[in-house]
Amino acid sequence: SNNGYEVVLVTSGAVGAGMGRLRMSERPKTLTEKQAVAAVGQVALTHLYQNLFSEYNKIIAQFLLTKADFSDRNRYLNARNVSLNLLKKGIIPVVNENDAVVADEIKVGDNDTLSALVAGLIDADLLIILSDIEGLYNKNPQKYDDAKLIKLVGKIDEDVKKMAGMEGSKFGTGGMYTKIIAAEMATKIGTNLVIASGGEPGNIGKIINYEMIGTLFVRKDKKIKSKKYWLAYGTNENGNIHSDNGAEKALRNGNSLLPVGIKKVEGKFDK
């Protein structure tokens with residue numbers, strides 16, 4: 001940005017933009033129609049961002065990803081190298097899920113998770129998720145007048161997940177659960193995460209200037225290695241390894257898995 005920060009934008013809205021361009025009043029029902037509308041929308045969306053950023057003399061690059069791009073190690077490293085290269089050149093990557101080709105089985109699924117995967121991809125220091133709600137509340141603010149905004153979360157435990165509308169929770173705060181999962185992911189890799197309202201244009205500047213806006217999820221001091229982060233969140237599951245109790249104990253203590261500790265293997269997968 002113009003303040004010297006390296007910025008990546010994760011966006012959604014390809015289907016919505018396509019609907020606008022095609023003057024559709026109802027969302028498409030079938031997958032093929034949705035993909036066709038998204039293909040139109042991706043152009044409209046990129047054009048809009050290009051116009052907005054050119055006002056500030058910024059060049060953008062479109063970056064369309066799927067779960068398969070994260071899951072395949074070579075494609076993942078390619079995406080990382082391209083992102084870092086763009087940032088080095090002062091270009092702003094605009095990342096979106098490739099909705100024109102994506103089907104359910106290769107879908108990241110939501111932009112909160114996508115943004116946390118991208119945070120790991122580029123070693124981000126800060127991830128800001130802009131929402132239609134000001135942050136995490138102790139109960140649903142749309143239903144309860146006495147709902148309180150939680151400004152700081154140091155540890156994401158079951159109570160925090162319940163507040164975000166886990167199954168069996170009294171308070172669902174629309175779409176908040178995926179944001180908590182994104183926060184759980186990002187803080188492990190050493191990224192601070194803020195959930196704030198997108199309705200206030202000045203919020204991003206305030207957050208960058210260390211003002212307490214929305215909810216801040218504090219990054220872990222002992223972050224996991226990027227390869228482990230990729231293994232945990234980027235990959236598609238292709239099989240199972242069954243280990244004995246000794247191997248399980250060793251793995252929980254951060255040690256390696258030895259062949260002697262493997263009881264059974266299911267599925268077909270690479271190293």
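Data table
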| read-out | value |
| --- | --- |
| Residues with amide H under 5 Å from that of Ile129, placed H, sequence gap 5 or more | Val194, Ile195, Ala196 |
| Using a Förster distance of 51 Å, the FRET efficiency for Tyr5-Lys263 (Cβ separation, nearest 0.05) | 0.55 |
| Beta bridge orientation in the chain: antiparallel %, DSSP, nearest 5 | 35 |
| Identified option (computed volume of the Cα convex hull per residue in Å³; candidates (1) 168; (2) 125; (3) 185) | (1) |
| Within the accessible area of the chain (1.4 Å probe), percent carbon and sulfur | 50 |
| Probe 1.4 Å, accessible area per residue of region 197-247, Å² | 70 |
| Nearest-20 debye value, the chain charge dipole, Cβ charges on Lys, Arg, Asp, Glu | 680 |
| Calculated FRET value between Leu77 and Leu152, using beta carbons and R₀ = 35 Å, to 0.05 | 0.50 |
| Convex hull volume per residue in cubic angstrom - Cα atoms of region 51-128 | 101 |
| Exceeding the 25 Å Cα-Cα cut-off - candidates Lys225/Lys271; Lys67/Lys179; Lys29/Lys162; Lys89/Lys228 | Lys29/Lys162; Lys89/Lys228 |
| For region 140-271, alpha-carbon Rg relative to the globular expectation (2.2 N^0.38 Å, N residues) | 1.38 |
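The values are calculated or read from the model by the stated rules, or taken from the named source; none is laboratory data. Bear in mind the structure is a predicted one, so any value in this text is a computation, not a measurement. So basically every Cβ, Gly included, is an ideal-geometry build from the backbone, and we count neighbours across all protein chains shown. SASA here: full protein model, heavy atoms, side chains in, ligands and nucleic acids out. Shrake-Rupley method; radii C 1.70, N 1.55, O 1.52, S 1.80 Å.
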